[in-house]
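Working notes, structure below.
Nothing in this text is a laboratory measurement; each read-out follows from the coordinates by a stated rule. This one's a predicted model, so the numbers in the text were calculated from it and none came from an experiment. As a convention, Cβ positions derive from the backbone with ideal geometry for all residues, glycine included, and neighbour counts pool all protein chains shown.
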Amino acid sequence: MAQKIIKYLLVFLLVTILQSTVVDAFSIQGIKPDLILFFLFYIALKEGPVWGAIWGFIFGLTIDSTYTPLQLGIGSFSQASFGFLAGNWGDKIYLETPRSKSLFLFSLVIIHDILRYGLGRIGDCGLAFWHLLLTKTLPAAAYTAILGGGIYYLLKRQAEKGYIIGSLKGKEEAGRGA
Amino acid sequence: MQVPFRLTAAHLKYVVLIFTLLLSLIIMGLNQREKTQLAKAGSLAFIPAQRLLFYLVRMGNIYEENRRLRLLNTKLSLEVRRMEHLKEENDRLRKILNFKERAPYRLVPAEIIGRGPERSANSLIIDSGEAEGIRVNQPVISAEGLVGRIIEVRGGRSTVLLLLDPNCRASSLVERSKVYSLMECDGGRCYLKGVPLYADVQKGDVVVTSGWGGIFPPNLRLGTVRRVSTRKSKLLKEVEVKPAVDFTGLKEVFVLQREED
C-alpha cells in the first residue's frame, strides 16, 4: 500500500509538471488537455470511489496551495467529487472500450468544471460562467477525452499484444473466470 | 444488544466523500491569511521540481531566443535613445509648468518558473522574492502592458495574480476620451465596468490604468476596446477590451517597485 501511495504521488508530481510545462506546446487556441484529471480518472477507475475521492482531495488541495492559494478548497472539493463519481459510476457503467471511457471522462470533466467555476463565484452563474463553460470547458473536456481515449486504446493494444502483463490482462482474465 | 448501524463498504465511500467535501468547505471558509499559511505547507515539494523542469524545457529554445533578443536589444537601444530625448523634453516642460514629479518606479526583472496547471488558472510563479524586495500588491508588467499583481511572496519566489482573474481589477482610463472606469476580467473576457451610456468609447480605443486604485500606477497599457454594445434597457454601456498582453506567451515579466520601497 505504501509503495502504491508513493508511486501515485510521484506520478502526480510528474503529471503536474508536464501539465504546466510541456502541455502548453500542445494547446490549440489556448485549449489544452487536463492530464491531472485524466490521471485522477485512471486512479479512480482502478482503485474505486473511496480512493478516487481521497486522491482527488489531495490533488486539488496541493494544486490550489501551489498556484491559487486564494481559491484554496475549491480544487479539493471539485476533484474529490470528480474522483468519487469516476470510481462510483465507473463500477456501474459498461466501460470496456476506450470510446466508452472517453465519453465517460468527457462528461466528468464537464461536471468537475461546473463545480469548480460554480464554487469560484458562489452561485453567480451569470453570462461569464456559461461563456467559460462553452468556450473553455467543452473544448478542453473533448481534448482530454480524446487524449484519454487514445491512451486507453494504446494500453489496450499493448495488453492484447502481451506487452503489458499487469493489471489490464489480470482484470480480463478475472472477468473470464467469473 | 443489537447494533443500530453498521458501517459497511457501501457506506464507507459516502463517509469518505462527505468527509472530503466538508473539509474542502471548511478550508474554503478560512480567511485569506489562514489560507496563505495552509497553502505554504501544501506547496513545499512542488516548486523546486517544477522550476528544474521549466529550465530544462527552456534550454532547448535558448539559441533561437538569444538571436531574437539580440535583435530586440538593438531595436530597444534605438528606442531608449529616442525616449531619453523625450524624457529630457518632458522634464523641461514639467519644470516650466511647475508639475509635481510623479513617484518614479524601479523595474525588477523576473523569470516565469511556473504556471497554474489548472486550465483556467490565472496565476504565475516568478523567480524573484523577498531578496529582490518583492512585496504583495506590487504591479507586474511586460513590454506589452499590465500583467497583474503580486499576491504572495515566499522566500525566493512570488505568485502573480493575472489581470485575467476576476480578483485582479484595475482602475482604467480610455486614453482618447478620458473616460474613467474599472476593468474586470472574467472567463477569459475583459470588460470596462460602469461606463455610462453617454460616454464616448469606441472600438479600437486604447485603455490604460488610471492610477486611482492605489495599486497600479497610471498609464500602464491594459488593452484596446474590442466591442461596444448599447442596450436601451440598460443604463450602462457594455465595453469589451482585448488585453494588451498575450498571457499564454509570457516568459519574462517586470515587477514595478516604487523607489521608496
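Taking the Cβ of A:I151 as the centre, find all other residues whose Cβ is under 12 Å away and add up their charges (Lys, Arg: +1; Asp, Glu: -1). Don't jump to the answer; show the numbers that get you there.
Details: positive: A:K101, A:K156, A:R157; negative: none.
Here the count lands on +3.
Percent of Cα-Cα pairs more than 20 Å apart in segment A:1-127, please.
Working: 3678 of 8001 pairs.
Percent of Cα pairs beyond 20 Å in segment A:1-127: 46.
What is the magnitude of the charge dipole of segment A:2-177 about its Cα centre, with +1 placed on the Cβ of each Lys and Arg, -1 on the Cβ of each Asp and Glu, and no other charges, expressed in debye to the nearest 20? Display every interim value, and only then the final one.
Values: 16 positive and 11 negative charges, 88 e Å.
So the dipole magnitude of segment A:2-177 works out to roughly 420 debye.
At 0.36 nm per residue, and after removing the present C-alpha to C-alpha distance, how many nm does the segment from B:T224 to B:E144 gain when stretched out fully?
So the chain would gain 27.6 nm between B:T224 and B:E144.
With the dipole of segment B:145-261 worked out from charges on the C-beta (+1 for Lys and Arg, -1 for Asp and Glu) around the Cα centre, which of B:S171, B:L220, B:Y191 lies farthest toward the positive end?
The one lying farthest along the dipole's positive direction is B:Y191.
Residues of A:71-84, mean number of Cβ from any other protein chain within 10 Å of their own Cβ, rounded to a whole number?
Details: counts 10, 11, 10, 5, 4, 8, 8, 3, 2, 7, 4, 0, 3, 7.
Taking all residues of A:71-84 together, the mean is 6.
Connecting C-alpha atoms closer than 10 Å in a GNM of chain A, tell me which of A:Y67, A:Y42, A:Y143 has the biggest fluctuation.
Checking each option, the largest mean-square fluctuation is seen for A:Y67.
Return the whole-Å distance between the Cα centroid of segment A:15-51 and the Cα centroid of segment A:84-104.
17
For segment B:9-29 and segment B:190-220, what is the separation of their Cα centres, given in Å?
Computed from Cα coordinates, the inter-centre distance equals 44 Å.
In which sequence would A:W89, A:W130, A:W51 go, from the one with the fewest C-beta neighbours within 10 Å to the one with the most? Numbers along the way, then the final one.
On the way: A:W89 16, A:W130 13, A:W51 20.
So the ranking, lowest neighbour count to highest, is A:W130, A:W89, A:W51.
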